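Notes follow once the structure below has been shown.
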Amino acid sequence: MTEFKGAYTAIVTPFIDGALDEQGLTDLIEFQITGGINGIVPCGTTGESATLSHEEHHKVIELSIKTAKGRVPILAGSGSNSTTETIELTKYAKAAGADGSLMITPYYNRPSQEGLYQHFKTAAEAVDIPIIMYNVPSRTGVNMLPETVARCAEIDNIIGIKEATANLNQISEVIRLCPADFTVLSGDDFTSLATVAIGGKGVISVTSNVAPGDMAKLMSLALNGDFAAARKVHYQLFPLMQAMFYECNPVPAKKTLELMAKIKSGAPRLPLASISAANLERLKKAASDYGLI
């Protein structure tokens, strides 16, 4: 089974005039792999999965797998607020050759902790693929508690969680309650170093879209216990991490990639709007200060 550790990029989905830019996605994945990233996560929040059609969702996963050619693992976003739809998307990801599924807690529905458990249990029983759950309460309206995570961790093919609570107390409790081989990944660039320091295995990153090598270096140093060197990289990256959230993710990341000429258009899909003029100037300065443009 693939070991999901290090820096994984929650990759953006490039569009041109509202349509999927297949060549842009292919080029971007090559940029990530040659830059030293440890893995790719297509169709996550940063990939604007909520506004992709099923056909587009399938295409993005297929292209990611085809382009990677086994050089790095593909952890395919295949979650939904519908358990049935989650199973359908996950079956497709497995058939396409994904190494694992990143499965978000159902959003909008606001299920109970029992509902969350039953959702993941049902999906895991329906599709035999390594599953990493994804907890991001700021997006979904529900927080998956450590006790529920620990229940899910007893299911064979549920192997980890992406914790995007930015709450080290909760992350510590998840690590304490779950088996030693259960993988906890940070879902926030800001807490990635701290998460590894308390027992996490890496990060699913937004910032690595534009700085894959440095995010991979940060995680490698931390996982190898060289925290003095890791802190230097963390603080080098910190202003760029902040810039990636000047507006709602993935708006700043996509615009930065456009400014870097890595994709032709950084335009997000509605209801996300393009970055404001004021924040664009701040973003340009941050990218320039970092040497990206």
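None of the figures in this text is laboratory data; all of them are computed from the coordinates on show. All figures in this text were calculated on a predicted structure; none of them were measured in a lab. Here the Cβ positions follow ideal geometry from the backbone for every residue, glycine too, while neighbour counts run over all protein chains shown.
Close amide-amide hydrogen proximity is noted between residue 202 and 6, 186, each under 5 Å apart and 5 or more residues distant or on a separate chain (H modeled in the peptide plane; Pro and chain starts excluded).
3J(HN,Hα) along region 215-231: 5, 5, 5, 4, 5, 4, 4, 5, 5, 8, x, 8, 6, 5, 5, 5, 4 Hz, from the Karplus curve 6.51 cos²θ - 1.76 cosθ + 1.60 with θ = phi - 60°, whole Hz, x for Gly and Pro. Looking at this model, which pairs from 91/285; 5/254; 121/232; 91/232; 121/255 are more than 32 angstrom apart at the alpha-carbon? From 91/285; 5/254; 121/232; 91/232; 121/255, over 32 Å: 91/285; 121/232; 91/232; 121/255. What share of the DSSP beta bridges in region 1-159 is antiparallel, in percent to the nearest 5? Counting only bridges with both partners in region 1-159, antiparallel ones make up about 15 percent. Relative to one another, the C-alpha centroids of region 170-188 and region 1-39 are positioned 25 Å apart. Note: relative contact order over the chain, using C-alpha pairs below 8 Å and six or more positions apart, is 19 percent. In terms of surrounding Cβ atoms within a 10 Å radius of their Cβ, 270, 102, 193, 177 rank from fewest to most as 270, 177, 193, 102. The Cβ shell under 14 Å around residue 283 holds other residues with a net charge of +1, Lys and Arg each +1, Asp and Glu each -1. A simple rule links phi to the HN-Hα coupling: the Karplus curve 6.51 cos²θ - 1.76 cosθ + 1.60 with θ = phi - 60°, which for region 75-80 gives 9, 7, x, 9, x, 7 Hz, with x for Gly and Pro.
Within a straight-line Cα-Cα reach of under 17 Å, residue 217 can be paired with the following aspartates and glutamates, leaving aside sequence neighbours fewer than 8 residues apart in one chain: 188, 189, 226.
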